[in-house]
Amino acid sequence: PDQNSNDPEKAIILAQERGAEEICLVCALGGLVDHSTANLSVMIKYHHRINLRAHHRVTDLWVISSDSPHNKPLRIAATQGDTLSTIPLLRSAVLSVSNVKWPLTRGEVSPGSQGVRNKALGGDIDITVERGLVVVFHRPA
């Protein structure tokens, strides 16, 4: 077996070769912390090549950045009270988040807990990253 990549990375490569434009990794998070971290790392590695989403139990996760060729707002269908977290990795990010209790318009968010546990007002949430890399978590109410 090839130990230079894990199963989700192999699946992403195969899906790309077969022309997929979007991939959802199911149960890629949770369980063993090292595996979950490796899977997040794989999402960071490939997010600029293909639209990726991870789903675990009731939470969805995306990696979005300003340097993605397909950089466009991430639109999430939400209902009032859904939880949304936008967490920059490595360095500060400039992002806009609409239709939430604490909206941002080109706001700078530093790594840490600043973007954790925002609340949806109901309807679509749009997230745009103008600078940096952000991990987005959405959990229904």
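The values are calculated or read from the model by the stated rules, or taken from the named source; none is laboratory data. In this text, all values refer to a predicted model and were calculated from it rather than measured experimentally. Here the Cβ is made from the backbone with ideal geometry for all residues, glycine too, and neighbour counts use every protein chain on show. Each accessible area value is taken on the protein alone, full model and side chains, heavy atoms only, with ligands, DNA and RNA left out. Shrake-Rupley method; radii C 1.70, N 1.55, O 1.52, S 1.80 Å.
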Could you list, in sequence order, all residues of segment 46-82 that are surrounded by 16 or more Cβ atoms within 10 Å (Cβ to Cβ), over 13 Å from E22 (Cα atoms) and polar (S, T, N, Q)? S65, S68
Cβ-Cβ below 7 Å, separation at least six or inter-chain, first residue in segment 29-47 and farther than 19 Å from A15 by Cα, second surrounded by 14 or more Cβ atoms within 10 Å (Cβ to Cβ) and hydrophobic (A, V, I, L, M, F, W, C): which pairs? L29/A54; L29/L61; S36/L29
Set S92, S85, S96: member being surrounded by 13 or more Cβ atoms within 10 Å (Cβ to Cβ), under 12 Å from the mean Cα position of the chain (by Cα), modelled with pLDDT of 90 or more and of a type in the set (G, A, S): S85
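Here's the yes/no breakdown for (1) among the hydrophobic types (A, V, I, L, M, F, W, C); (2) within 13 Å of the chain's Cα centre (by Cα); (3) within 21 Å of A120 (Cβ to Cβ):
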site: C27; (1), (2), (3): yes, no, no
site: G30; (1), (2), (3): no, no, no
site: N39; (1), (2), (3): no, yes, no
site: M43; (1), (2), (3): yes, yes, no
site: H47; (1), (2), (3): no, yes, no
site: H56; (1), (2), (3): no, yes, yes
site: T59; (1), (2), (3): no, yes, yes
site: A77; (1), (2), (3): yes, no, yes
Could we say that G30 is open to solvent by less than 80 Å² (accessible area, probe 1.4 Å), at pLDDT 90 or above and assigned to a loop (DSSP other than H, G, I, E, B) here? no
Checked against (1) under 21 Å from G30 (Cβ atoms); (2) part of a strand (DSSP E or B), V129 satisfies every condition except (1)
Would a scan of segment 12-24 turn up a residue that is loosely packed, with under 14 Cβ neighbours inside 10 Å, touching a residue at least 40 places away in the same chain (Cβ under 8 Å) and farther than 12 Å from V136 by Cβ? no
